[in-house]
Amino acid sequence: MADITVSLPDGSARTLAAGATAADLAADIGAGLARDAIAAVVDGEERDLVVGLPEGATVEIVTPGSDRGLETLRHSTAHVLAQAVLGLWPGSTFAIGPPIENGFYYDFELPDGATFGPEDLEAIDARMREIIAADQEFERVEATVAEALELFAGHAYKCEIIERVASGEADGELVDEADAGGAVSYYRNGDDFLDLCRGPHVPSTGRLGHFALQKVAGAYWRGDERRPMLQRIYGTAWSTAKELKVHLHRLAEAEKRDHRRLAAELDLVSWPEALGPGLAVWHPRGALVRKFIEDYSRSRHEAGGYDFVFSPHIAKSVLWETSGHLDFYADGMYPPMEMDGAAYYPKPMNCPFHVTVFESGQRSYRDLPKRYFELGAVYRYELSGAVHGLLRSRGFTQDDAHIFCTREQVPDELASLLDFTLSVLKAFGFEDFQAKLSTRPAEKSVGEDELWELATEGLRAALGTAGLDFVVEEGGGAFYGPKIDVDVTDAIGRPWQLSTIQLDFNLPERFELEYVGADGGRHRPVMIHRALMGSIERFFGVLLEHYAGAFPAWLAPEQVRVLPVADEHQAYAEQVEARLAAGGFRATVDPADEPLGKRVRSGKTAKVPHVLVVGDDDVANGTVGDNARGAEAPERDLPLEEFVDRLAATVAERR
RNA sequence: GCCCGAGUAGCUCAGUUGGUCAGAGCAGGCGCCUUGUAAGCGUCAGGUCGUCGGUUCGAAUCCGACCUCGGGCUCCA
């Protein structure tokens, strides 16, 4: 038999005996790779290691260290989860079990509507480890649709998947389970456990094991609330024990940063039951931080060429009919209040009001762009199950602006707007950004082709100028215009979508907005919606988690806490406090009615940036002992004026 | 909205085969201690055990409904 030659990702070639498999190739390259290999990519297609290689193929060996390898590992772990559950619950059936970010899930339906409890997870975990210890081989089998339907008879969800594949309707999410086309594949392992699956899988269950089952949740079959609710088990899986441990540690850290927990501990915000879900009250310390955020936002907008406007919280239905919100957004709106024969709706958005400001007078091209800014409180009827602290509430305040400009001004306006956006976000300590450009939807949309083109290219150019990484979501724009969304990455690597810059070709039409051009004729302006922080409440919540409650000095509600060592130092402590207050700083004195250690601890726990201790030496020399937040040891004998200068510099630099 | 889970003092929690089971720590008040760097000592007060109804001689404990919260599904800022 003739040899075959395959090429590797680095461009090199290898000659192997005819009939060689991907596993043979891995072994030929090296023993280490042979040990690590779990799958292969042959001519761009993910395959099992046991697949025979065709002559001339390009082959990449997949190891658990790569993203693709991890996906395979997680998918196979999900498969073992299903094997365990179906073994432990006779009569149960299963739906889909894909890999997801950091892990996997699998959806089940138990007999008689039974559900999983925490103790069940332990039993399943134990059974999974038995299967893994048995090191069962995964065997791929190809079948016709008819054969597959017979094999999976009694598993209605699997049959539904097979039928969808057969009819060619398979979409992205189903491709995980089976190939589009006439045939399907399934995998067999252990005691004849079968699961419909496109593959690939790791060679055997012994390759798995660094996983943890995490939680049980309800999930609708195919995400459709009209279809049955399945029992979903979530898990996480990694290629090494260390990675698993690091991930679990990261989750614990994230929980410690939970803004709802921090909001309570630091006395910032609460959600009294009497108000209703998704409605918060701001306590003095939280309100102070919020004020600094808003003050900064206002000052930047003032300097950035924005006009400030204000609008009421409610308006008659006619406004929302004209804007189209009652047609397209009614589900998200609070119900109307009837008064004097009219229906008044709480506003879910500020845009129609800003439009009315624009149309309150005749506009010349010389006036444009008009930029109207408002910290506008809006109310949206979020589903009760979706409400989540400050991150998803029913009442929130947008740092909202609407820009009206000529179409010629669009490119420049977008470029400066994106620059402005990033500059403001950076001031709050965010450094990593990721953008998404959403283009014209394939379905119905409004606006001329030429306008879409101009705006989309304007957005793309702005992203290029800003040097921002971005992905394009083709067809992801709203029907009324393209947009850019900007995510920030927080201190522990989580992305948060904050900013949005959105073109709108619809509202100017609906309100028949016009300006007078240089030619004396009437023209329709282009409208841009934009929010930088998105929602002040949400932004505050994100900041709280980003800083783990330790706000930088410029935002901290209490910047300095002065601790007299004993009563006799109280007067000096008050002098220090007064000096700081005179410098515009927020300082308090914690009198000596508790031991010093206790008070230091309290100050640290409250995450005050500077806890100052003053005793005999300080009274004599006009100094302080500074316990800076995060510092290893206190700095003693620091002249008060030097401390003040340093603090002033820190605040000025917004650190 | 739907599914699952949870709700005991301001906070974190203990207490369930139904019968002194209404408790602890922290926080708070009061008193003592006067402190040099992450929890000093004592003492007092606080809860109709989410709400309403049911089962029972008896319910924090069992059942039902509702409310709120959490995790998901869906949608988004």
Seminar exercise, completed: Applied in sequence order to the stretch A:526-539, the curve 6.51 cos²θ - 1.76 cosθ + 1.60 (Karplus, θ = phi - 60°) yields integer Hz couplings, x standing for Gly and Pro, of 9, 10, 10, 8, 7, 9, 8, 7, x, 10, 4, 4, 5, 4
Seminar exercise, completed: The long-range amide H neighbours of A:T58, using H built 1.01 Å from N in the peptide plane and a cut-off of under 5 Å, are A:S7, A:D43
Problem set entry | Within the stretch A:47-70: backbone nitrogen closer than 15 Å to the A:V246 label point (7 Å, Cα to C-beta) | A:64-67, A:70
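Based on the Kirkwood radius over alpha-carbon pairs, what value in µm²/s does the Stokes-Einstein equation return for the translational diffusion coefficient of the stretch A:287-535 at 10 °C and 1.306 mPa s?
Details: Rh = 18.9 Å.
Using the Kirkwood radius from Cα pairs, D works out to 84 µm²/s.
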Exercise. When the accessible area of the stretch A:303-347 is computed with all protein chains present and a 1.4 Å probe, what percentage of it is carbon and sulfur?
Worked result: 58
For this session: Could you please state how large a percent of the accessible area of the stretch A:404-533 is carbon and sulfur, counting protein chains only and using a 1.4 Å probe?
Result: 45
Exercise. Quick one: of the DSSP bridges fully inside the stretch A:4-62, what percent are antiparallel, nearest 5?
Worked result: 90
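Magnitude of the Cβ-charge dipole of the stretch A:560-652, K/R +1 and D/E -1, about the Cα centre, nearest 20 debye?
600
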Problem set entry | Whole-number percent relative contact order across the stretch A:4-62, with pairs defined as alpha carbons under 8 Å at least 6 apart | 42
Exercise. For the stretch A:218-350, what is the accessible area per residue in Å², given a 1.4 Å probe and the full set of protein chains?
Worked result: 56
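At a 1.4 Å probe radius, carbon and sulfur cover how many percent of the accessible area of the stretch A:544-583? Provide the component values of the computation, followed by the final result.
Numbers: 690 of 1340 Å².
Carbon and sulfur together cover 52 percent of it.
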For this session: Assign unit charges at the C-beta atoms only (+1 for Lys and Arg, -1 for Asp and Glu), then state the dipole size of the stretch A:287-535 relative to its Cα centre in Debye, rounded to the nearest 20.
Result: 620
Exercise. With respect to the cross-link table entries A:K436/A:K483; A:K370/A:K444; A:K256/A:K604; A:K256/A:K607; A:K444/A:K483, which display a Cα-Cα separation exceeding 18 Å?
Worked result: A:K370/A:K444
Problem set entry | Long-range HN-HN contacts of A:E473 with modeled amide H, under 5 Å | A:L437, A:S438, A:T439
For this session: Could you tell me which of rounded, prolate or oblate describes the stretch A:308-377, using a ≥ b ≥ c as the square roots of the eigenvalues of the alpha-carbon gyration tensor, with rounded for a/c under 1.5 and, failing that, prolate when a/b is larger than b/c and oblate otherwise?
Result: prolate
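Of all DSSP beta bridges in chain A, what percent run antiparallel (nearest 5)?
Working: 97 of 113 bridges.
Bridges in chain A are about 85 percent antiparallel.
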Seminar exercise, completed: If amide H atoms are modeled at 1.01 Å from N in the peptide plane, then the residues at a separation of 5 or more from A:A39, or on another chain, having amide H under 5 Å from its own are A:V62
Problem set entry | In sequence order, calculated HN-Hα J values of the stretch A:619-633 (Karplus, 6.51, -1.76, 1.60; Hz; x Gly/Pro) | 4, 5, 10, x, 10, 9, x, 9, 9, 6, 4, x, 7, 5, 9
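Just the accessible area per residue of the stretch A:426-496, please: how many Å² with a 1.4 Å probe?
In whole numbers, the stretch A:426-496 has 49 Å² accessible per residue.
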Seminar exercise, completed: Under Stokes-Einstein, the stretch A:4-62 at 4 °C and 1.567 mPa s, with its Kirkwood radius over C-alpha pairs, diffuses with a coefficient in µm²/s of 119
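Rg to Rh ratio, chain A, alpha-carbon atoms and Kirkwood radius?
Values: Rg = 30.8 Å, Rh = 29.6 Å.
Across chain A, the Cα-based Rg/Rh ratio is 1.04.
Apply the a/c threshold of 1.5 to the C-alpha gyration tensor of the stretch A:479-632 and tell me whether it is rounded, prolate or oblate. Present the calculation step by step, with values, prior to reporting the outcome.
Working: a/c = 5.13, a/b = 2.83, b/c = 1.81.
Here the stretch A:479-632 falls in the prolate category.
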Seminar exercise, completed: Row for the stretch A:6-108, column shape: gyration tensor on C-alpha, a ≥ b ≥ c, rounded if a/c < 1.5 i.e. under 1.5, prolate if a/b over b/c, else oblate; value prolate
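The values are calculated or read from the model by the stated rules, or taken from the named source; none is laboratory data. All figures in this text were calculated on a predicted structure; none of them were measured in a lab. Because the Cβ atoms are built from the backbone with ideal geometry, glycine has one as well, and the counts that use them run over all protein chains shown. For the accessible areas, the whole protein counts, side chains as well, though only heavy atoms, and no ligand, DNA or RNA atoms are used. Shrake-Rupley method; radii C 1.70, N 1.55, O 1.52, S 1.80 Å.
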